[in-house]
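Student: I'd like to ask some things about the structure below.
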Amino acid sequence: MSGRRRTLLAAASAVLALSLSLGVAGPVWGWNVKLTPIASGLDNPRDLAMGPDGHLYVAEAGHGGKECFTAPGPGGETETSCIGFTGGISRIDSEGPDRVLSGVASMGEPSGFGAEGLSGVSFIDNRLFAVEGLNGELPAPPGLSPKTAAAAKAQFGRLGEVTAPNQVRIVANVGGFDFQWSKEHKSLVPEQFPDANPYAVLATKWGELVVDAASNTLDFVSPSGAVSVQAFIPNPPVSDSVPTCLDKGPDGAIYIGQLTGVPNKPGAANIWRWVPGHEPTVWASGLTDVTGCGFGPDGHFYAVEFTTLGLEHAAPGTGALVRVPASSTSPVTLASGLNFPGGFAAGKDAIYFSEWSIAPAQSKGGSPTGQVIRVSRG
């Protein structure tokens, strides 16, 4: 999803003012919202998953690395990207985050801001699945050592199962499959295809569902590792759909949130409902730049909006947490003033999202700036 990364980096340059700013809305359907940071020092944190052990697990995209290369951007400008193995998964406990998986490929600008890498996590029973963004189908850029290029290409776009601390079994090359699919369906988004960037995963007892934010597809990965496209998330009025999150609803259907690409205006994003064998349908509309979504313990559907102003005007303090009623044309704001929020998870009595999901590798104090926020009734 290189186009999305470029947009976020340019639009969010105000991130240098690193300060936590949590705006809390007033009473909503009879209760107040309380936001509590429960973990800090995370490295570009994205999706979250509640584990069977009662701990929260968070995907960290990392901050790239020390081997850099330059390449032309979409407008002919030169861009510098750096690759390293700084991504991973952390478990959140009473003492803070603890890495259970490290050494995952990551790519970002030299500061580490807005890096892409490991982005999605999901549990089924005691099995933890994770999906790595980007894809390894493009030629290795000049400037990287052969060892780094080969190792990164072997990880980008992969769906894996974490079988033990720092051990991963590769399940499927979802990014490679989606890249080829988008190449064969270039007419769907001719200005951006072919492209692939697996972004979120939902593990089920039958296999894994993956949304790809660049090919705009919902994929199914069978236990044997076979990948198939189940649905294409329809495009908004301009640009592409950019699906970023998914969850299984109480009715058994799959619900999918979307970011939407530039230059879509605020309110262009939908929540889609998909039933196997059918085309996706709009379940709710009027959202903006969704980066996390799912059902809470109360049965309500929630979404995290990266910014409420549209990506072209993204800045710290413009994100929001919203409740999304069925068939609604505008979400209910629960908390505003959030800083680049992303990801979503539900616990027994609270919901969670990550904040500073794109940020430099280090704050002035020398540590990553990402956080996890707990949302409960005040």
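Student: Within a Cβ distance under 14 Å of Phe220, other residues only, what is the Lys/Arg minus Asp/Glu net charge?
Tutor: Values: positive: Lys205, Lys248; negative: Asp178, Glu208, Asp212, Asp219.
Net charge in that neighbourhood comes out at -2.
Student: Go through 301-314, 186-199 and give me the packing order, highest mean Cβ count within 10 Å leading.
Tutor: 301-314, 186-199
Student: Near Leu144, within a Cβ-to-Cβ distance under 11 Å, what is the net charge of the other residues, with Lys and Arg +1 and Asp and Glu -1? Walk me through the intermediate numbers first.
Tutor: Numbers: positive: Lys66, Lys147, Lys153; negative: Glu67.
Every neighbour counted, the sum reads +2.
Student: Within the set of other residues whose C-beta is less than 12 Å from the C-beta of Arg323, count the net charge using Lys and Arg as +1 and Asp and Glu as -1.
Tutor: Around Arg323, the surrounding residues sum to -2.
Student: Can you pull out the GluC sites (Glu not before Pro) in segment 82-188 whose DSSP state is coil and whose Cβ has at most 13 other Cβ atoms within 10 Å?
Tutor: Glu95
Student: Could you quote the convex hull projected area for the chain, Cα atoms only and averaged over all directions, in nm²?
Tutor: 16.8
Student: Give the separation of the Cα centroids, segment 301-378 to segment 38-90, in Å.
Tutor: Distance between centres, Cα-based: 17 Å.
Student: If I take every Cα pair under 8 Å that is 6 or more residues apart in segment 2-377, average their sequence separation and divide by the length, what percent do I get for the relative contact order? Working shown, then result.
Tutor: Numbers: 1145 pairs, mean separation 65.5, N = 376.
Reported as a whole number, the value is 17 percent.
Student: Would you mind checking the pairs Lys265/Lys348; Lys66/Lys147; Lys66/Lys183; Lys66/Lys153 and listing those with alpha carbons more than 25 angstrom apart?
Tutor: From the list (Lys265/Lys348; Lys66/Lys147; Lys66/Lys183; Lys66/Lys153), the Cα-Cα distance tops 25 Å for Lys265/Lys348; Lys66/Lys183.
Student: Something else now. Only Cα pairs within less than 10 Å get springs; with that Gaussian network setup on the chain, which residue of Ala213, Ala71, Ala130 has the largest fluctuation?
Tutor: So, out of Ala213, Ala71, Ala130, the one fluctuating most is Ala71.
Student: Could you calculate the contour length gain from Lys348 to Asp125, that is, 0.36 nm times the residue separation minus the distance between their Cα atoms, to one decimal place in nm?
Tutor: 78.7 nm
Student: Could you size up the charge dipole of segment 36-191 around its Cα centre, putting +1 on the beta carbon of Lys and Arg and -1 on that of Asp and Glu, and report it in debye to the nearest 20?
Tutor: 400
Student: Ok, one more. Loop-only check: which trypsin sites (Lys or Arg not before Pro) in segment 203-311 are DSSP coil with at most 11 other Cβ within 10 angstrom?
Tutor: Lys205
Student: Quick check: the distance between the Cα centres of segment 215-236 and segment 113-169, to the nearest angstrom?
Tutor: Result: 18 Å between the Cα centres.
We did not get these values from a lab; they are worked out from the coordinates using the rules stated. Everything numeric in this text was worked out from a predicted model, so none of it was measured. No Cβ is skipped: glycine too gets one built from the backbone with ideal geometry, and neighbour counts run over all protein chains shown.
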